[in-house]
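The values are calculated or read from the model by the stated rules, or taken from the named source; none is laboratory data. Computed from a prediction, not measured in an experiment: that's the story for all the values here. Neighbour counts run over all protein chains shown; Cβ positions are idealised from the backbone, glycine included. What goes into the accessible areas is simple: the full protein's heavy atoms, side chains included, and nothing from ligands, DNA or RNA. Shrake-Rupley method; radii C 1.70, N 1.55, O 1.52, S 1.80 Å.
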Amino acid sequence: SREAGLPFAMAPCWVLRDVRMSAPTAAGSPSRGLDIFYELASRAGLGIGPRVTTPILQREILEALAPHGDPAQRVPASVAERVDALCEQLEARSPVSKPATRGIQALEGRWRVRYSNAPPPSNGALGPFVGEAYQLVNVDSQTYSNQLVLLGGLLDVTLQADFTPSSDTSLRVAFRTLTLSLGGLSLPPVQFPAGTERTWLLTFTDDDFRVVRAGVDGGKSTVRDVGLIPKGEGEAADSYLFVLTRAPKLLPASAGDGAVAQLKAELLAACEGTRRGAGADAAAVRAVGDAMLRLAEAAQQRDSASSDLLLGGWDIAWTTEAELLALTDKGFLGLACEGASQTISRASDGTYRLDNSIDFDGGYLRVGSTCEPSAIGNKV
């Protein structure tokens, strides 16, 4: 927890969540070796820049789009070309080899459209209005819905569709209905003509980020048929680009700032008396874990890893890291531990630094390192 107040950045439980959910790169793995090589070569001035990684590419895509709204609109051609080029680099790194078949479960859940060069409303706009565009995928039923929320929720446009795999890396989607809701009142759904279909090319998919290329690919197109876009536009299967990031689950209506503050207090109370986790029994571990999950669910903080709230100094209230607990609980060379903290900072060139500190009675131990927040999600 930060010494002054407790802004929610998952710091009290972030260490625990990181240990539980993110396996560190093995010391002898090829990926780790490449990371070390690139960093040392860069520091030695050998003309080799830092290794471009998946999180860096994701962050650069979102940063390029950020000045143009969320979802990005009226993106200049130069920016669109840069985003496309970055997406091509990202697509070469997709960790899911067969996203439409064996790896299709990765699509499950709620996603937010951050950018598309497809015609409205797929790009998050409807006439002069720009809203929040979401996609909710249900893998088991092979259905999805595209939802565009406009005017602060006063107007809601929802497209229902289903999909079937057409290859290991592509889906054929069929539009079924379009429903408008105004002020909470839903109008009768409009049926799409038979054959209103699209192809999705699932070019990049991971836990928190998707790149999809799509096109009519032989199907009917209502916007094209009525003359809103030129004949032949969007025909190729890769005509349009979509960038999506994982969206949080819908916030329960009962949750709010007061509930989050209460859950923070409950989490810290669960950590009290455990000597930062060293003296925790099974019941205490369950209590802290349950409190963490309740707080994360209520706060619904999007993209917490890249949030500025993560920056600054944090006291370590709880951890399961054995090495740290050995020092904080047993001391070092007879010196008792007086505190443990973590500082996360960002340099002017955009790189991040992580410094861990353990203070002893008469000395201290500092461990400095770099870190790389994911552009989306909660992984660092």
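To the nearest 10, the accessible area of Trp314 is 10 Å² with a 1.4 Å probe.
I need the Kirkwood Rh of the range 162-315: take the reciprocal of the average 1/r across all distinct C-alpha pairs and report it in angstrom.
Here the Kirkwood hydrodynamic radius works out to 20.3 Å.
Using a probe of 1.4 Å on the protein chains alone, the accessible area found for Ser170 is around 10 Å². Sequence neighbours fewer than 8 away in the same chain don't count; with that in mind, list the lysines whose C-alpha is under 24 Å from Lys264. Result set, ordered by chain and number: Lys249, Lys379. The calculated Kirkwood hydrodynamic radius for the range 260-326 is 13.0 Å, given to one decimal from all distinct C-alpha pairs.
Rounded to the nearest 10 square angstrom, Phe242 shows an accessible area of 40 square angstrom against a 1.4 Å probe. Per residue, the accessible area of the range 279-380 comes to 51 Å² when a 1.4 Å probe rolls over the protein heavy atoms.
Once the mean of 1/r is taken over each pair of separate Cα atoms and inverted, the range 89-244 shows a Kirkwood hydrodynamic radius of 16.0 Å.
Treating only the Cβ of Lys, Arg, Asp and Glu as charged (+1, +1, -1, -1), what charge dipole size does the range 270-365 show about its Cα centre? Round to the nearest 20 debye.
Magnitude of the dipole: close to 160 debye.
Ligands, DNA and RNA left out, the 1.4 Å accessible surface of the range 94-151 is 53% carbon and sulfur atoms.
Only Cα pairs under 8 Å and 6+ residues apart enter the sum, and on that basis the relative contact order of the range 121-208 stands at 19 percent.
Would the range 50-159 count as rounded, prolate or oblate if I go by the C-alpha gyration tensor, calling it rounded below 1.5 in a/c and otherwise prolate when a/b exceeds b/c, oblate otherwise? Oblate, since a/c reaches 1.5 and b/c is not below a/b. If you sort the three axes of the alpha carbon gyration tensor as a ≥ b ≥ c, you get a/c of 1.5 or more for the range 172-248 and a/b no higher than b/c, which makes it oblate.
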